[in-house]
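Right, one structure below, let's go through it.
The values are calculated or read from the model by the stated rules, or taken from the named source; none is laboratory data. The model shown is predicted, which means the values in this text are computed figures rather than measured ones. Cβ: placed from backbone, ideal geometry, glycine included. Neighbour counts: every protein chain shown.
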Amino acid sequence: MRRINVIAIGMLLTLGALAGSAFAKEGAVTKLDALPPGGLHAGQMIPVGFTILMDGVEPYKADVAEIVVRNGTGKVLSYPATPQGPAGHYVANVYFPAAGTYTWQVTQGTFFAPYDLGTIAVLAPAAAAETQTAPTNTPATNDPISQVIPFLAGLIALGGTLRLAQLLRSQRRVSATA
């Protein structure tokens, strides 16, 4: 009886630890600095600053940081970022070759997943851009896998608890008949 109690308590503690880590925050997020007030224009090298924050709070020094841009046809452009200023702050010189809508993301080192910045509308080159509107940023949708993990951890914890209750009940029946 004592052995099964020790196993049961160990299993519950393990499941609790797994469920706790599944409910933890995303890991790292990226906050962009203010973009140029006139909007982003094609054909210009634009310094884009950003800060990588671990758990959305603590600045994170990434081993690799870059901005990855994709146009509507799937062409991928990568712009390495260099540390600048306070810890966790980086600047990448980004070049949009043509006007249009792009998706972009930030590589947050090799430990964390890339952070989607959503879509951005890039205006025509500055000389012809006076009649166009400012760019709009739309946030990317959340990763569906990161939303499922806490649910699965909860199901595993619930299943483990039910199995533990079955084992304890069967153990009581065996000791009551003996």
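Of the residues making up region 66-104, just one is part of a strand (DSSP E or B) and on the phi > 0 side of the Ramachandran plot, namely Gly100. Selection of region 36-45 for residues being surrounded by fewer than 17 Cβ atoms within 10 Å (Cβ to Cβ) and closer than 18 Å to Arg70 by Cα yields Gly43, Gln44, Met45. I want to confirm something. Restricting to region 52-71 and keeping residues that are among the acidic types (Asp, Glu) and farther than 16 Å from Ala92 by Cα, which single residue is modelled with the lowest pLDDT? By that ranking, first place goes to Asp55.
When we screen Tyr102, Tyr115 for residues that are surrounded by 15 or more Cβ atoms within 10 Å (Cβ to Cβ), hydroxyl-bearing (Ser, Thr, Tyr) and under 27 Å from Phe151 (Cβ atoms), the only hit is Tyr115. Among the residues of region 54-67, those that are of a type in the set (A, V, I, L, M, F, W, C) and either surrounded by fewer than 18 Cβ atoms within 10 Å (Cβ to Cβ) or free of Cβ contacts under 8 Å to residues at least 12 places away in the same chain (or both) comprise Val57, Val64. For region 27-62, which positions are within 18 Å of the chain's Cα centre (by Cα), over 15 Å from Pro86 (Cβ atoms) and in a loop (DSSP other than H, G, I, E, B)? Gly27, Asp55, Gly56, listed by residue number.
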